[in-house]
Structures are given as structure tokens and as C-alpha cells.
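Participant: Sending over a structure as C-alpha cells; questions will come in a sec.
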Amino acid sequence: MQFKQGGRRQAEKRMPDKERICIEGRLEKMGKVKHISFLLARILLAGIFVYASIHKIVYPDEFYRAIMNYQILPQYGAYALAYLLPVLEMFAGLALLSKKFLSPSLLMISGMLLIFIAAIVSAWLRGLDISCGCFGEGNSGEYFEVIVRDIFLLLLCMIIFLLNPRKELE
């Protein structure tokens with residue numbers, strides 16, 4: 001079976017001008033909607049990660065206790081994580097707003113979210129009654145809610161990746 005080359009061009013030539021202009025207008029509007037959605041998703045995700053990091057940077061001892069409550073890491077690991085993770089969250093959130101660092105920041109945020117989900121599921125399965133430590137003490141919510149929130153943020157990462165005009169990982 002052979003395909004004619006230029007089949008699309010021939011179809012466009014047969015299409016009346018009004019229809020072609022209408023279709024081009026719709027495609028242009030879709031491009032604007034995708035672009036706005038892309039920017040809003042980046043701003044939302046960046047804002048969430050920057051906001052989450054601020055309390056942890058200001059009160060690392062609280063965050064250290066939250067990490068220790070998971071009973072996964074030894075003291076020195078929890079201590080290092082209490083100081084490093086908030087800075088990493090801050091930089092990843094800010095880098096998400098940069099075109100140059102979009103792909104690496106999406107990769108870092110997605111990786112962090114997967115680790116957060118695994119740690120929360122681990123605590124839940126072991127019957128621990130803890131605060132997730134996400135936005136400071138006392139605001140954790142139920143395990144299921146926290147997991148759903150993190151899955152939503154992962155989906156937001158996926159949406160940003162799919163709407164990215166430069167999809168290749170650099």
C-alpha cells in the first residue's frame with residue numbers, strides 16, 4: 001500500500017478558506033491555553049515547594065523530630081536531612097521557574113515526591129501516628145490525604161513535563 005505524499009496539503013487546498021482559518025484559530029487558542037496552563041502549573045508547584053521549605057529552614061529542629069518519628073534513618077542521617085532537604089526543596093522550587101533548569105528540577109521534585117510517598121506509606125503500614133513534617137508541625141492530615149496530595153503533585157509534574165515545549169531531558 002502506498003501513501004501519497006503531500007496528502008495533507010492537498011486536503012488543505014480543498015478546504016474552504018473559512019474552515020481553514022477557523023481551524024488555525026482554534027489551534028492558536030489551544031496553544032495559548034497550553035502555555036498558560038504550563039506556566040500556572042509551574043508557578044503552583046514551585047510555590048508549594050518553596051513554601052514547604054521555609055518553615056523547615058527556619059525551624060530545622062522541628063523538622064529533625066518529624067524525620068526521626070518515621071523511624072527510618074539513624075540520628076545522623078535525620079540530622080543531615082533536616083538541614084539539606086529544605087534547601088534542596090527551595091532550590092528545586094525556584095529552579096522550576098527557570099527554563100534552563102526546568103527538566104532537572106522536575107526530576108528532583110518527582111524523585112522527592114516518590115520518596116515522600118514511600119516514607120508515608122511505610123509509616124502508615126507500621127501503624128505510626130506521626131506528622132508528615134511537610135509544612136511544619138500539626139498540619140499533616142491523615143495518611144491517605146497526604147498520599148493523595150503527593151500523588152496530585154506528581155501528576156502536576158507530569159503535566160508540566162507534557163506541556164513543556166522543550167520536552168527533551170537535558
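Participant: Conditions first: (1) open to solvent by 30 Å² or more (accessible area, probe 1.4 Å); (2) over 19 Å from Leu44 (Cβ atoms). Ala123 passes all but one, so which condition is the exception?
Facilitator: (1)
Participant: Specify which of the listed residues (Leu113, Leu156, Leu107) is touching a residue at least 24 places away in the same chain (Cβ under 8 Å) and surrounded by fewer than 16 Cβ atoms within 10 Å (Cβ to Cβ).
Facilitator: Checking each option against the conditions leaves just Leu107.
Participant: Something else: Looking only at the stretch 126-138, count every residue that is surrounded by 13 or more Cβ atoms within 10 Å (Cβ to Cβ) and over 28 Å from Leu162 (Cβ atoms) and tell me the total. Spell out how you get there, then give the answer.
Facilitator: Taking the stretch 126-138 and keeping what is surrounded by 13 or more Cβ atoms within 10 Å (Cβ to Cβ), we get 128, 130-137.
Checking which are over 28 Å from Leu162 (Cβ atoms) leaves us with 128, 130-131, 133, 136-137.
Matching residues across the stretch 126-138 total 6.
Participant: Also, quick follow-up: Among the residues of the stretch 35-72, what is the count of those that are of a type in the set (Val, Ile, Thr) and in contact (Cβ under 8 Å) with a residue 40 or more places away in the chain?
Facilitator: Of the residues in that region, 5 qualify.
Participant: I'd like to verify a number: residues in the stretch 32-84 that are closer than 29 Å to Gly127 by Cα, open to solvent by 20 Å² or more (accessible area, probe 1.4 Å), hydroxyl-bearing (Ser, Thr, Tyr) and assigned to a helix (DSSP H, G or I), how many?
Facilitator: The number of residues fulfilling the criteria is 5.
Participant: Further question: Would you be able to say whether some residue in the stretch 73-84 is within 14 Å of Ala52 (Cα to Cα) and touching a residue at least 12 places away in the same chain (Cβ under 8 Å)? Break it down stepwise before answering.
Facilitator: Filtering the stretch 73-84 down to residues within 14 Å of Ala52 (Cα to Cα) leaves 82-84.
Still in the list and also touching a residue at least 12 places away in the same chain (Cβ under 8 Å): 82-83.
Within the stretch 73-84, one or more residues are within 14 Å of Ala52 (Cα to Cα) and touching a residue at least 12 places away in the same chain (Cβ under 8 Å).
Participant: Another question about this same structure. When you go through (1) over 23 Å from Leu44 (Cβ atoms); (2) surrounded by 16 or more Cβ atoms within 10 Å (Cβ to Cβ) one by one for Gly93, which number turns out not to apply?
Facilitator: Answer for Gly93: the failing condition is (1).
Participant: Could you please find all residues in the stretch 48-85 being under 21 Å from Asp129 (Cα atoms), β-branched (Val, Ile, Thr) and touching a Leu at 6+ places or on another chain (Cβ under 7 Å)?
Facilitator: Scanning the stretch 48-85 gives a single hit, Ile67.
The values are calculated or read from the model by the stated rules, or taken from the named source; none is laboratory data. Treat the numbers as computed from the prediction; the structure is a model and nothing was measured. Cβ: placed from backbone, ideal geometry, glycine included. Neighbour counts: every protein chain shown. Ligands, DNA and RNA are stripped out before the accessible areas are found, and what is left, the full protein with its side chains, is counted by its heavy atoms. Shrake-Rupley method; radii C 1.70, N 1.55, O 1.52, S 1.80 Å.
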